[in-house]
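One structure is given here, and the rest of the page talks about it.
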Amino acid sequence: MNVFDACISRWAFWDSHKDHAVLECGTSGEFSQTIHDMDSAALAKGIKPALRRRLDLYGRAAAEMLSRTLKGDDNPHIVFASRHGNLDRTLKLIHQVATDELLSPADFGMSVHNALVGIASINWSITESHTAISAGNDTLISALTETLCQLGDTGGPVILVYIDLVLPEIYQDVELANIHGMALGLRFEPTTDDTVVADTFSFSTMPARDAAVSPRDQARSLAHYLQAEDTDEFSLIGKSGAWNLIRHD
């Protein structure tokens, strides 16, 4: 069993339902807060207007996770994770190819899995490396593994962003439980002597098993765990790996 200690100093969770969207976030030494009516128009206000106009809901939600986990002018490594990527733009491109239309340069450029990180890097002058992760039901677990490895290798900070939206109607039979979209942002930093105890966690590896839990459900459960300060332990279990989290007392 491998054990890593790390501080989650900032986190954000965006949950989009059919008629409303809610943002929950928290920072070191502060209570978490809930912000309602976080639809596309309210998201990504930290992105410069010229760049923000290029972002659809997928990009704006992911950008909001970054803006909530950045600190001033820092320069973090980024792990960007999505099981499906921006399928709305991809579907537009497929339709344009099928109907012999000219491909939209904007949709083509922004359909790339980690295109949002490129926009964010320009907006916030981030020059450190970023990594894109897509691993089916193990997308969030794989992203967490990559984040902890990078934290140990670079000394951090490392920001993990996970996002998946509702699948277009043509793909609904692929994931019947896909009710609404969500995005999760976590800022990881190494532990230090002055680390706030409540934000420090031990991450230990566990035996993997073929669990049928989607990364969306895992992200929601992880966000609720971070909010519930009276809950000490939490597990993310997948087919390729598993992590157990223990909050330091």
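Every number in this text was worked out from the coordinates using simple rules, so none of it is lab data. Being a predicted model, the structure only gives us computed values, none of them experimental. Using ideal geometry, Cβ is built from the backbone for each residue, glycine included, and neighbour counts are taken over all protein chains shown.
Taking 13 Å as the cut-off, the amide N atoms of region 130-150 that come nearer than this to a point 7 Å along the Cα-to-beta-carbon line of Asp217 belong to 137-138.
Along the chain, counting only GluC sites (Glu not before Pro) with a DSSP assignment other than H, G, I, E or B and at most 13 other Cβ atoms inside a 10 Å radius, the longest segment between sites is 102-228.
Stretching the chain fully between Ser204 and Thr34 yields a gain of 58.2 nm (0.36 nm per residue, less the alpha carbon separation). Lys-Lys pairs in the chain that are eight or more residues apart or on separate chains and whose Cα atoms lie under 23 Å of each other come to 4. When the charge dipole of the chain is built from unit charges on Cβ atoms (+1 for Lys and Arg, -1 for Asp and Glu) and taken about the Cα centre, the candidate among Leu226, Ala135, Trp11 whose Cα reaches farthest toward its positive end is Ala135. When +1 charges are put on Lys and Arg Cβ atoms and -1 charges on Asp and Glu Cβ atoms, the dipole computed for region 8-196 relative to its Cα centre reaches about 500 debye. Computed extension length for Asp74-Thr192: 40.7 nm, one decimal, from 0.36 nm per residue of separation with the Cα-Cα distance subtracted.
Within the chain, the longest run free of trypsin sites (Lys or Arg not before Pro) that sit in a DSSP loop with at most 10 other Cβ atoms within 10 Å is 54-208.
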